[in-house]
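See below for the structure under consideration.
Since every read-out is calculated from the coordinates, none of them should be taken as a lab result. Quick caveat, the model's predicted, so the values are computed rather than measured. Every residue, glycine among them, receives a Cβ derived from its backbone with ideal geometry; neighbour counts consider all protein chains shown.
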Amino acid sequence: MNLKCECYIHSLKQGEKNVLGEATILKRLGDNDYLAEVGGVKCHAIFNPFVGRYFVDDVYGIVRHPQERGGR
């Protein structure tokens, strides 16, 4: 997929205001669940059809490799 676009990035949020930034949507993982990359961090994203933008969660939705979680 590798779609580079302007998305709402969670870590850029200012109070209640969403802020746009550039991210890359890498692939679809499931029903409205996408793998995105922003600033070298892979994380989950969803698409909001009402605003026509992806919302990238680089705060709580970070995708880590199993070895980064204590080897489990």
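Structure notes:
- Yes/no for residue 58 being at negative phi and either touching a Phe, Trp or Tyr at 6+ places or on another chain (Cβ under 6 Å) or touching a residue at least 40 places away in the same chain (Cβ under 8 Å) (or both): yes
- If you check 41, 51, 56 for being surrounded by 17 or more Cβ atoms within 10 Å (Cβ to Cβ), more than 13 Å from residue 2 (Cα to Cα) and β-branched (Val, Ile, Thr), only one passes: 56.
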